[in-house]
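**Q** Below: one structure in structure tokens.
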Amino acid sequence: MRPEFPRPPRPPRRRKPVKIDLPPRVILMGIASIVAVVFLISGIFTCYDYVNPGEVAVIKNNLTGTEDLKIESGMVFHLPWGITDVFKLDRTVQVFRMTRHRGKGDRPGPDNVKIKVADGSNIEVDVEVIYQIIPTEAPAIIKHVGKGEAFKNKMIRSYARAVIREMYGKLTLEEISDPSKRAAQNVLVTESMNADLRPFGIEVTLINTTNFVFNSEYEKLVKLKKSTAQEYLNQAAAQEQALKEQETLIAQANRKKNNALIEARGKARKRLVEAENQAKQLVARAKGEAYAMKKEGQRKFSVATADAQAIEAEGLARAEGIAQLAAAYAAGGLGLVKEALAKKYMGTRIEGRPFSLSERIERLEVERRDGAIAAPKTVPASRPPRGSKER
């Protein structure tokens, strides 16, 4: 039996297109609506722009020719459909390089500066121009140069090459090989470029010149000069080092000498002070001993004077006593008897009652005058009344 296969489906029948008859007015309105929508959408997308940080925007009205400046970053709204254009420029510090190495400069090929110097020789040099746009003068760049980065080639490159050729062309090869001369010429190049470019809103901050290329013979001379200069510098450095070492040794010797002098002066001053102190001590001791001797002499003199006065007084008293004793002896035996009785009964207490036949009573008195016993004398006493007692 033969196998049975399912039959393929029949293709759908093609329907006849339906013709829609629209009035021409409706068709025109539809086309106008589509155009209006497209116009509106394009207006929406062309009426704003964004200014990034580090950029400055110049908004130019193509109808009136006026220009507005936008320095701050952010959204910028303007008239759509090409009525206004927005030109944005980088206002950060930038570097424009002109070098002989491919792919390392702002141009793809070799672009170093060729210079004919004052002595007729030819040299080549790589140049770096460090610059930035003056934000408030950005409209001048758009007005005189145009949009984009056209100002780099038309202004920075052209002015830099012309001014460097002029300034370095005034120097000789020997002067160009001097770094200080090159630095001075770079300052002059910077000042000259700023005088020309600042009115257009560009300020140059620094010019660097590197990789100088001289002819082969001069290269040999330069290398020889550099080696000679280096040898001279080495010798000068060695001499300076030796001089410093010599100065160090001299300073050490002077320091030792000064220390020895200071030490000797200190010892001498110490000895002088000690001698002065000893002399002062001896003087003070001598003065003290002299004062003590003087006081001792005065004291002994006072004691001797007092002793002499006492001896003199005692002698006078004895002489007076002797005189009184002699006077008593001259009076007779009664005085001697009284003296003997006085010595015998000296310190003895006697109590008694006087008795006499006469009414006259005599008392015995003994007086001591200046250490001597005076002669006794009798004193008449009045008679006591009768009946009274007397001791």
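The values are calculated or read from the model by the stated rules, or taken from the named source; none is laboratory data. Note that the coordinates shown come from a computational prediction; the quantities given were computed from them, not determined experimentally. Here Cβ is always computed from backbone atoms with ideal geometry, including for glycine, and neighbour counts include all displayed protein chains.
**Q** Assuming Asn194 fulfils every condition listed in (1) free of Cβ contacts under 8 Å to residues at least 40 places away in the same chain; (2) within 30 Å of Lys70 (Cα to Cα); (3) more than 46 Å from the chain's Cα centre (by Cα); (4) surrounded by 13 or more Cβ atoms within 10 Å (Cβ to Cβ) apart from one, which condition is it?
**A** All conditions pass for Asn194, except number (3).
**Q** Filter segment 87-102 for residues that are under 28 Å from Val213 (Cα atoms) and touching a residue at least 60 places away in the same chain (Cβ under 8 Å) and give the result.
**A** Initial filter on segment 87-102 (under 28 Å from Val213 (Cα atoms)): 94-102.
Matches in segment 87-102: Phe96, Met98, Thr99, Arg100.
**Q** Further, regarding this structure: In the list Ala323, Ala327, which residue meets the criterion of being surrounded by 10 or more Cβ atoms within 10 Å (Cβ to Cβ), modelled with pLDDT under 70 and assigned to a helix (DSSP H, G or I)?
**A** Ala327
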